[in-house]
1. Using θ = phi - 60° and the Karplus form 6.51 cos²θ - 1.76 cosθ + 1.60, what ³J(HN,Hα) does each residue of region B:66-81 get, whole Hz, x for Gly and Pro?
2. For B:439-445, what's the mean count of beta carbons from other chains sitting within 10 Å of each residue's beta carbon?
3. By count of other Cβ within 10 Å, fewest leading, how are B:L405, B:L348, B:L464, B:L628 ordered?
4. Would you mind working out the magnitude of the charge dipole of the protein assembly as shown relative to its Cα centre, with +1 at each Lys and Arg C-beta and -1 at each Asp and Glu C-beta, to the nearest 20 Debye?
5. What are the lysines whose alpha-carbon lies under 19 Å from the alpha-carbon of B:K184, with same-chain residues fewer than 8 places away excluded?
6. Using a Förster distance of 60 Å, how high is the FRET efficiency between B:S161 and B:F603, based on the Cβ-Cβ distance and rounded to 0.05?
7. Under a Cβ-Cβ cut-off of 11 Å, what is the net charge of the residues other than B:S462 that fall near it, where Lys and Arg count +1 and Asp and Glu count -1?
8. Within 12 Å, Cβ to Cβ, of B:D678, how many net charges do the neighbouring residues add up to if Lys/Arg are +1 and Asp/Glu are -1?
Amino acid sequence: MKNKYIFGAFIIVVFLGFMVYLFTQSNIKYESNFAKVMNENKIVRATGTWVKDKNYVIDRNNQTFTFYITDSNGNQMKVIYDGMMPNNFESAKSVVVTGQYKDGYFHASSILTKCPSKYEGQNTPDVKTSNL
Amino acid sequence: MIGSIILTIALASSIIAMVMYYLSYRGYNNALTFGRLAYHTMAMLVIVAAALLEYLLLTHQYGFKYVYEYSSNELPKGILMATFWAGQEGSFMLWLLLTSIVGLILQSYASKRGDLEPRVMSVFALATSFILIMVSPMFKNPFVYIWSEPIFISIKDINASLVHLPIIQNFLFSDGSSGQEFVKMNSSLFGILTSNGIPIKEFIVNGRGLNPQLTNFWMQIHPPILFTGFSMSTVPFCFAMAAMMKNDYKDWVRQAFPWLLATAGILGLGIMLGGYWAYEMLGWGGYWAWDPVENSSLIPWLVGVAGIHTLLVQRKSQAKGDNVGKFAKTNLILAIMMYVLVIYSTFLTRSGVLGDASVHSFVNPGTMVYLFLVIFVGTFLLLGLGTLAYRWKFLTLHEKSEENLLSRELSLFTAAVVLCASATIILVGTSAPIFGHSVDAAFYNQMHIPIAIIIGLLNGGSLLLKWKTTKPQELLKKSLFSVSATIIVTALIIVLGGISDVLVMLLTLTTTFALIVNLEIAVKIIRGNKKMLGAYVSHIGIALFLLGVISSSIYSREKDLDLVKNQTKDAFGYQMTFTGYRSIDNDTKYAFDINVKKGDKEFTISPVMYISDFNNGLMREPAILSMLTKDFYISPLGYDNGTSSDQATQGQTISLNLGDETNFDGAKISYTNFVAPDMSVMTSGGDFQMGADLTVMKGGKTYSVEALMKKEGRDVHFVPIELKDANLKIQLQKIDPTSKNAQIIFSKLSGDNTAVSKPKEVLSISASTKPFVNLVWSGVVIMVFGFFISVSRRLKESII
């Protein structure tokens with residue numbers, strides 16, 4: 001009877017240990033403060049918005065897309081993404097880039113654009129100009 | 001208005017039903033009739049409210065916010081009906097509708113089984129009350145008028161003959177960057193319209209429409225089936241509560257069993273349909289992306305299936321004369337947790353907590369809804385576990401638990417533990433975003449390989465074990481055939497499939513073992529009592545499913561290719577030739593025909609791409625060549641018609657603001673002056689030009705050039721500039737007169753560009769093979785079929 005519980009507890013501990021280990025291994029943190037992103041030497045998910053006023057470069061020979069994003073505090077960061085400009089990028093409200101900050105820029109391996117989708121329609125459009 | 005009134009009365013009826021049923025349980029016998037009456041009133045009102053919503057959608061009443069936001073005149077009838085559940089408000093309505101109907105069936109079921117009804121229905125009415133509060137005017141009400149909160153409506157959706165009325169000019173807005181015009185709809189505009197005798201229906205004449213990814217057959221069937229599963233999962237919870245209320249654990253096991261089986265079957269089917277939808281339409285490349293939305297419906301399913309296994313043990317031990325039986329507490333916990341996890345899943349996907357974590361974006365519905373969902377989850381969790389804690393002592397005293405290591409009881413319990421482990425893993429991973437973390441798909445995949453191995457082993461092994469205890473020699477004798485057959489078949493699969501990974505070998509071994517054991521038993525039974533087949537059919541299904549998952553994911557091969565028109569390329573032995581595109585669906589979409597040759601067989605498959613009006617996004621639909629043993633899967637990535645400019649595939653696009661400087665191929669380029677268009681000509685629609693003056697410095701020389709956009713009649717063209725000395729070609733791509741931002745394409749004149757300067761049509765695709773992916777679908781279908789064989793058997797046993 002006692003053995004059963006000890007055995008059960010052992011299995012649970014091993015399972016949880018394995019899960020926690022894998023969790024820390026594959027865990028990627030969200031960061032919306034770019035000051036922290038720039039000092040982090042781990043892969044993070046940075047959430048921000050595209051700085052439309054700044055230059056962006058689509059380099060078709062090297063298949064990279066370079067642009068700037070900003071966080072809510074106004075910290076800007078250059079992002080180089082291995083790939084072309086994703087779908088809906090221009091209409092995205094915010095972008096989530098996964099990668100690491102190194103040598104003065106954020107090297108992104110993936111971009112997630114937050115767009116209207118399956119479960120909720122978009123809210124009001126960004127109406128910039130005033131009354132006509 | 002009328003819709004909200006109906007829902008409010010329904011909420012009152014639901015609460016009355018709950019109280020009356022509870023009083024009836026406490027001994028006030030005459031309350032039962034009132035409880036029944038109140039529940040039926042509630043259900044009828046909900047059905048009327050749902051019919052009203054459907055009617056509003058079908059008759060295009062855009063004065064209602066929900067109708068405007070999710071439907072439009074262009075949608076075909078079938079899809080239009082499905083817009084009912086396209087948004088949050090509507091999917092809560094669907095959940096409510098299905099729950100109410102399930103309750104009607106449950107009431108009739110419970111009324112035939114002793115004194116069960118008051119207990120079960122009082123708990124059930126609590127659940128309907130919560131969902132009714134959710135759709136009440138306080139939270140996610142689908143009957144909200146469009147003017148209740150200010151909303152911007154595209155001018156396209158407004159009756160064109162009314163746009164120029166002076167009274168609405170104060171409500172017109174335009175978006176500078178896109179040039180679109182909007183009407184700001186709010187209560188004061190509504191007041192003006194009403195006082196001028198313009199009905200809202202004639203003012204707003206079209207809706208925003210439905211996300212094109214939802215405009216298909218799967219949208220019509222996947223959500224209703226999934227929500228049926230969600231609604232039915234309320235029932236085991238109510239039975240567990242009813243058992244604890246009476247402190248009698250004998251009946252609920254038999255009574256809840258067919259419900260739990262049917263719930264697991266329907267929920268499983270719904271989850272699979274979602275996966276098939278993702279695979280076939282959305283082009284995610286696979287059927288399962290460990291997306292929070294998918295995960296959150298899988299978690300309660302796993303817990304429910306775990307419950308099926310332990311309920312079986314409790315039932316068996318009760319049949320031997322036990323009153324409480326084995327695993328009584330486990331079963332209560334699982335039945336409670338299944339429903340709590342369904343609500344938790346709603347919390348995860350509807351409260352906005354997953355904002356950044358999912359490809360589905362969840363708009364934050366507000367703090368109130370968030371809090372309410374927390375209360376909803378909390379109430380049912382506390383109610384369930386609190387009552388259990390109250391009965392804990394009694395249960396511990398009466399629960400028998402001696403198991404032999406080689407008994408079916410223990411192996412079934414282990415199966416439940418493993419299923420719960422899987423649910424825990426997914427729960428942890430899916431909940432991580434609440435704490436600002438997220439996990440890779442690798443987390444789920446790596447954790448599930450050992451779990452799947454154990455599931456395979458238990459799936460087969462437990463059936464070879466007898467109840468109570470099995471003698472080792474007997475086990476050996478019994479398993480001789482299946483074990484040897486398994487070894488032979490697995491060896492064949494490993495050799496033919498070229499499997500080298502040890503874990504995959506193990507997984508194949510145990511899964512094959514499960515398949516063979518179940519087949520062996522099923523073949524024996526099929527001549528006897530077919531009703532006993534359920535479990536074996538389900539287990540065959542799950543084994544086939546696992547084999548399908550192994551082959552289609554681990555042995556899938558993928559390659560990105562550029563297909564030049566009429567040139568043949570090879571991927572994995574498939575000769576592909578892109579032959580051109582054609583427009584389909586009334587010129588709204590483009591199908592790209594690809595001729596695929598494999599051996600001496602030839603097929604044409606056509607992935608689809610189109611720009612959606614809904615969100616101005618590029619939409620892609622994959623094409624699949626389905627064969628018995630594998631799928632050949634093509635996702636379109638992009639298309640370049642080669643006629644606009646050879647630079648579209650070469651060179652760099654650089655966006656510059658006035659005064660900016662940039663470098664390209666050793667040249668220093670600065671944007672010195674904006675060539676302004678003649679504004680009066682531009683606004684009147686006449687011919688004009690605008691552009692950017694650039695200074696280019698290269699090799700000691702300075703060039704001044706003008707990159708221009710010219711509009712002549714209906715045509716707009718960009719004048720290319722070639723600087724032969726500097727080996728540079730410059731062409732404007734886009735320019736914004738307000739911000740003066742210019743997007744300019746720079747490329748080299750000679751070198752790598754010239755080789756591809758001939759216009760070419762190029763279709764970029766990602767091609768992949770998915771071996772035996774059919775096993776994934778057929779496995780689930782077989783499993784669900786097995787569930788329903790069991791339902792019919794257990795339904796008979798549930799009548800006392």
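1. So the Karplus estimates, Gly and Pro as x, are 4, 5, 5, 6, 10, 10, 7, 5, 7, 5, x, 3, x, 5, 4, 5 Hz.
2. Numbers: counts 7, 7, 1, 3, 7, 2, 2.
Partner-chain Cβ atoms within 10 Å, mean over residues of B:439-445: 4.
3. Values: B:L405 11, B:L348 27, B:L464 21, B:L628 6.
Going from least to most buried by this count: B:L628, B:L405, B:L464, B:L348.
4. The calculated dipole for the protein assembly as shown is roughly 3960 debye.
5. Here the lysines satisfying the reach criterion relative to B:K184 are A:K128, B:K65, B:K156, B:K201.
6. 0.75
7. +1
8. Here the count lands on 0.
Values quoted throughout were computed directly from the atomic coordinates according to the rules given, and no laboratory measurement underlies them. All figures in this text were calculated on a predicted structure; none of them were measured in a lab. Neighbour counts are summed over all protein chains in view; Cβ atoms, including those assigned to glycine, are modelled from backbone coordinates with ideal geometry.
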